[in-house]
Amino acid sequence: MDRFSPHVQRGFVWTGPGTCVVMVAGLLLAGMLPPTSPVATAEQIANHYRDHQLGIRLGCVLMMSGFALMGVWGATVAMWTRRTERGFPVASYVQLVFVAASVAQTLLCPVIWAVAAFRPDELGDGVTRMLNDLGWYLILFNAPLFEAWVIAVAVAILRDKSAAPTFPRWTGYLSLSTALLNLPACCMAFFKTGPLAYNGVFAFYVPFGIFFVWVVCLTYAMFKHVSVLERELAGSATSSGPSAQIASDQNFSKVWGAGR
């Protein structure tokens with residue numbers, strides 16, 4: 001039987017906050033926080049890439065790492081919700097599909113920006129601005145993929161009827177709110193100014209803010225449940241000898257597989 005390792009579990013859970021920290025650091029280093037303006041001229045955008053060439057390159061490397069960590073964290077959430085689903089674990093598998101799709105599309109964002117910063121003096125200013133716009137679309141306009149992932153998490157949480165759920169019910173409602181508050185990002189295709197432009201409050205700051213809140217809250221719930229499991233297993237290993245190991249394995253089966 002595979003051993004439950006609290007240290008390994010905590011390591012995977014930490015990738016959620018790691019995603020947020022590395023993502024913000026990458027955006028700041030690239031000079032993309034606050035976002036560039038959709039109404040900036042082609043020359044202004046091209047000058048930004050010329051003036052921040054090294055920072056954009058380094059920031060894109062960080063963002064690539066951050067988005068990769070998001071995939072690890074999303075798979076960890078799916079693993080924990082899988083314990084609660086009986087029969088056909090549809091919600092957990094839907095999570096895996098859409099977190100993979102979201103990460104794959106979002107990873108293209110730093111790739112596009114890195115290409116724009118690769119030879120900014122040789123590209124036309126209009127091409128540089130187009131690549132800059134494309135990067136913002138890849139990171140924000142994929143809201144439907146992200147929403148499908150978050151809604152699947154919410155469904156799995158709200159369907160959990162166990163006595164000691166991994167995720168409290170309020171995290172399920174928070175997940176639904178997170179999906180709802182990401183919807184305005186889909187309007188960025190129709191606006192170049194105002195709160196629905198890709199540098200606006202409702203298209204950028206609100207979705208990013210609620211995403212960080214969601215990650216932190218689910219991360220806290222997983223940390224708390226890992227500690228509960230650790231105490232349960234430690235209680236069965238207070239005696240010595242083979243019988244203690246048998247008791248520990250039986251307790252592992254009872255606690256880890258409680259939701260199956």
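May I ask you to list the residues in region 108-144 that are more than 15 Å from A42 (Cα to Cα) and among the hydroxyl-bearing types (S, T, Y)?
Listed by number, the list holds a single entry, Y137.
Condition test on E147, is it out of contact with any helix residue (DSSP H, G or I) (no Cβ under 9 Å at 6 or more places or on another chain), acidic (D, E) and free of Cβ contacts under 8 Å to residues at least 40 places away in the same chain?
no
Tally the residues that are small (G, A, S) and free of Cβ contacts under 8 Å to residues at least 60 places away in the same chain, restricting the search to region 82-95.
Here the count works out to 1.
Answer yes or no as to whether V21 is of a type in the set (A, V, I, L, M, F, W, C) and crowded, with 18+ Cβ neighbours inside 10 Å.
It is false that V21 is of a type in the set (A, V, I, L, M, F, W, C) and crowded, with 18+ Cβ neighbours inside 10 Å.
Have a look at L123, L134, L158 and point out the one that is under 18 Å from M32 (Cα atoms) and of a type in the set (A, V, I, L, M).
L134
Residue pairs, Cβ under 6 Å, 6 or more apart or interchain, first in region 164-182 and touching a residue at least 24 places away in the same chain (Cβ under 8 Å), second part of a loop (DSSP other than H, G, I, E, B) and of a type in the set (K, R). List them.
That search, which allows pairs on different chains as well, returns nothing.
Restricted to region 130-176, and to residues that are of a type in the set (S, T, Y) and in a helix (DSSP H, G or I), which residue is farthest from F88 (Cα to Cα)?
Ranking the qualifying residues of region 130-176, first place goes to Y137.
Residues are listed down the side, and each one gets a yes or a no for (1) among the hydroxyl-bearing types (S, T, Y); (2) surrounded by fewer than 16 Cβ atoms within 10 Å (Cβ to Cβ); (3) modelled with pLDDT under 95:
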| residue | (1), (2), (3) |
| --- | --- |
| F88 | no, yes, yes |
| Y93 | yes, yes, yes |
| W113 | no, no, no |
| D125 | no, no, yes |
| L140 | no, no, yes |
| R169 | no, yes, yes |
| N182 | no, no, yes |
| C187 | no, no, yes |
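Anything in region 183-208 that is under 18 Å from the mean Cα position of the chain (by Cα), touching a residue at least 12 places away in the same chain (Cβ under 8 Å) and over 20 Å from V99 (Cβ atoms)? List them, or say none.
A203, F204, V206, listed by residue number.
Does region 110-128 hold any residues that are within 26 Å of the chain's Cα centre (by Cα) and without any contact (Cβ under 8 Å) to a residue 24 or more places away in the chain, and which are they?
V115
Being free of Cβ contacts under 8 Å to residues at least 12 places away in the same chain and more than 20 Å from V24 (Cβ to Cβ) is the requirement here; does F98 meet it?
So F98 fails the test.
Select, from A46, A91, A114, the only residue that is closer than 22 Å to V22 by Cβ and among the aliphatic types (A, V, I, L, M).
A114 is the lone residue from the list that is closer than 22 Å to V22 by Cβ and among the aliphatic types (A, V, I, L, M).
Take region 189-206 and flag every residue that is outside any loop (DSSP other than H, G, I, E, B) and buried (at least 21 other Cβ atoms within 10 Å of the Cβ).
A203, F204
Scan region 63-77 and report the pairs whose first residue is touching a residue at least 40 places away in the same chain (Cβ under 8 Å) and at negative phi and whose second residue is surrounded by 23 or more Cβ atoms within 10 Å (Cβ to Cβ) and not in a helix (DSSP H, G or I), with Cβ atoms within less than 8 Å and a gap of 6+ or a chain change.
Taking only residues 6 or more apart or on different chains, the pairs are M63/A30.
If we only count helices (runs of 4 or more DSSP H) wholly inside region 1-102, which ones have 2 or more residues that are under 12 Å from the mean Cα position of the chain (by Cα) and within 30 Å of L131 (Cα to Cα)?
Fully inside region 1-102 and qualifying: 15-29, 53-82.
The values are calculated or read from the model by the stated rules, or taken from the named source; none is laboratory data. The model shown is predicted, which means the values in this text are computed figures rather than measured ones. Note that each Cβ is placed from the backbone with ideal geometry, even for glycine, and that neighbours are counted across all protein chains shown.
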